[in-house]
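What follows is calculated from the coordinates using simple rules that are stated; it is not laboratory data. Predicted model, so just to flag it, every value in this text is computed and none were measured. Glycine also receives a Cβ, built like all others from the backbone with ideal geometry; neighbour counts cover every protein chain displayed.
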Amino acid sequence: MSIEWFAALLAVLALAAWYVMRGRPSDEEDEDDSASHPYHGVAINPGEGACRTAQTLKGLRFLSDEAPLLPLASCDASRCRCTFTHFKDRRRGDRRNPYRPETLQHISKGLEDRRTRRGRRTTDGMHLADI
């Protein structure tokens, strides 16, 4: 087998590995109105004239069972116009993806990666230990 065939095979394998281990869909694709998922999450969208607390919590995801009720207890607006955005999963992206730069930061600091298996959720990506 020539070096060119070996390089082509290696490129195909790398592309296949990337396809399998690629990240989760973007936030726009992740939105879902269904609250039946066990990790269903919500984020507060401050409305027009929103209070300071709502502005502070903007974009922060909560599990739907643990989210604060609207209007917020500290809301000082005459009429609360805040809403929730719903997500299938409270988390953003695949935190277990071994190719994310954040995953490799601890290795560069000399720390050990102690994760040896996939996450408990079916949406967790493939981990290197599964290969």
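Among residues other than CYS82 whose Cβ falls under 11 Å from its Cβ, what is the net charge (Lys/Arg +1, Asp/Glu -1)?
Within the 11 Å Cβ shell, the charges total +2.
Quick one: length gained pulling ALA77 to LEU111 fully straight, 0.36 nm per residue minus the C-alpha distance?
Here the segment from ALA77 to LEU111 would lengthen by 7.4 nm.
Please work out how much length the chain gains when fully extended from LEU60 to ALA8, using 0.36 nm per residue of separation minus the C-alpha to C-alpha distance, in nm with one decimal.
14.3 nm
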